[in-house]
1. Take region 115-168 and flag every residue that is in contact with a helix residue (DSSP H, G or I) (Cβ under 6 Å, 6 or more places away or on another chain) and at pLDDT 85 or above.
2. Residues in region 1-10: is at least one at pLDDT 90 or above, crowded, with 20+ Cβ neighbours inside 10 Å and among the hydrophobic types (A, V, I, L, M, F, W, C)?
3. List the number of the failed condition for Ala104; all other conditions in (1) modelled with pLDDT of 90 or more; (2) over 15 Å from Glu138 (Cα atoms); (3) among the aliphatic types (A, V, I, L, M) hold.
4. Going by the structure shown, is Gly101 without any contact (Cβ under 8 Å) to a residue 12 or more places away in the chain and on the phi > 0 side of the Ramachandran plot?
5. Within region 55-83, restricting attention to residues that are of a type in the set (A, V, I, L, M) and more than 23 Å from Ala44 (Cβ to Cβ), which residue is surrounded by the fewest Cβ atoms within 10 Å (Cβ to Cβ)?
6. Please tell me if Arg119 is part of a loop (DSSP other than H, G, I, E, B) and in contact with a Pro (Cβ under 9 Å, 6 or more places away or on another chain).
7. When you look at Val113, is it aliphatic (A, V, I, L, M), out of contact with any His (no Cβ under 8 Å at 6 or more places or on another chain), crowded, with 20+ Cβ neighbours inside 10 Å and under 27 Å from Glu38 (Cα atoms), yes or no?
Amino acid sequence: MTTIEKRFAPVAIEPKGDKLGGVAAPYGVEIRIGTTRERIAPGAFAATIADGHDILALADHDPRKVLARTKAGTLRLNDTAEALTFDLDLPDTPTAAEVRGLAAAGNLGGVSVGFRVPRGGDRVVGGVRVIERAELVEISMISSFAAYPGTTADLRNATPRLDRAARLLRLM
């Protein structure tokens, strides 16, 4: 079995409620992991999503901290030309409350993807590893540091008071 690789990205958060959504993996963005440069190609996760794999949303890559999953319909993924985006329903659990609190305070450190690259799923182009095909296993809300720039996550469907506060913050 292939090792699960994990890639992180910083997030921009606006307090908006009990749903979390944003960009899990931007495509075409080069990052450095140790001495390796890599980028994820558009559509790298498309087959996994189309095949109906049960993909999890976790807190800090911890399989004991499930926030949502595709099988239950509480995690929705969208593979666009620019990025892998997500939308999830936060459950009424201590873990989700912690993630919600970190997001609302602007302290969530990133979004990460965990995936396996099958044989032939990547290639090196000009010294950069390009991931062209990968099995998406999970996405995680990360409370510390991230590797991929360009991810976003925001809380959605908040009370009118929080929505109004978020709009005011965007105007500043």
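1. Across region 115-168, the qualifying residues are Glu135, Leu136, Met141.
2. No, the conditions are met nowhere in region 1-10.
3. Result: Ala104 passes all but (1).
4. Against the criterion (without any contact (Cβ under 8 Å) to a residue 12 or more places away in the chain and on the phi > 0 side of the Ramachandran plot), Gly101 does not qualify.
5. Only one residue fits best here, namely Ala72.
6. So Arg119 fails the test.
7. yes
The values are calculated or read from the model by the stated rules, or taken from the named source; none is laboratory data. Computed from a prediction, not measured in an experiment: that's the story for all the values here. Glycine also receives a Cβ, built like all others from the backbone with ideal geometry; neighbour counts cover every protein chain displayed.
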